[in-house]
Amino acid sequence: MKPSQHKPISSLALVTCTLVLSASAAFADKFLLDGASITLVLPKVYCPLSRTHPVEKLYYEQQDDLQKGINQVVQIGVMCAKQKALRAGEHVGGFAIWLMAAPRGIPSRVPSTVSRATYIATMAQKIPINDMIAGRLKKEGVGVDINQTGVIAQNGDALFGVLAAKTQTDEGPRTTAAVFALTTIAGHGLSFHVYGPLEDAKSFDATSFDPLLALSKEALAATIAANDAVPAR
């Protein structure tokens, strides 16, 4: 995705504050989502993009269009070491994104009687879930061919799935690997997605997702810990 093409990512989320403890600490942002105060954490090597920066906001606009009627875009991040290049209009090869489930534009609430583990088990039965996104990509004219590869890991806190997407670029075809994690926080279904280039598509196998899976697990564990530590109101 090239910012210069003005084809990026949006959301109705309200950022209330940003916390970062040190250069080695992860960014933790508080959002007011559908009346719930939720803290979302990015992997330590990622920095959040701004909805007001002239280049970064394009990523939100693009994702808002692609996710419309499916998810609400809450936050997007890129590797901190690549943020300067992104702002200069360069292709950075990957990003991370937090989404809130919002079918038909309505935030999906999880009943208090449904535990996180039950929610995850239910969602596992609905994979593949990316058919809707694939259809939207085709409709929007984005040259992406998604190959769903299914669930790769699951625990009591989250369900982790993977996919590979082939994108047609000016430099030729590019294959991107992605890991998505589904969970529930403060009575809402949320998901974290992290994308990265697959340098050697010919040697692609399940282990190709390991680096992204580690990042996803890091973000999920930190996010769940930050929110579960706060008493429900």
Residue ID - surrounded by the most Cβ atoms within 10 Å (Cβ to Cβ), chosen from residues in region 27-55 that are in contact with a strand residue (DSSP E or B) (Cβ under 9 Å, 6 or more places away or on another chain) and outside any strand (DSSP E or B) = L42
message = One residue is enough: does region 152-165 have a residue meeting the conditions surrounded by 13 or more Cβ atoms within 10 Å (Cβ to Cβ), modelled with pLDDT under 65 and not hydrophobic (A, V, I, L, M, F, W, C)?
response = no
note = Within region 70-88, restricting to residues that are touching a Ser or Thr at 6+ places or on another chain (Cβ under 7 Å) and either among the aliphatic types (A, V, I, L, M) or modelled with pLDDT under 90 (or both), the one that is nearest to P43 (Cα to Cα) is V74
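Quick grid of which residues meet (1) surrounded by 15 or more Cβ atoms within 10 Å (Cβ to Cβ); (2) among the β-branched types (V, I, T); (3) in contact with a Gly (Cβ under 8 Å, 6 or more places away or on another chain); (4) modelled with pLDDT of 90 or more:
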site	(1), (2), (3), (4)
Y59	yes, no, no, yes
Q62	yes, no, no, yes
V92	yes, yes, no, no
I97	yes, yes, yes, yes
R109	yes, no, yes, yes
T118	no, yes, no, yes
E140	no, no, no, no
G143	no, no, no, no
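The values are calculated or read from the model by the stated rules, or taken from the named source; none is laboratory data. Since we're looking at a predicted model, the values are computed, not measured. So basically every Cβ, Gly included, is an ideal-geometry build from the backbone, and we count neighbours across all protein chains shown.
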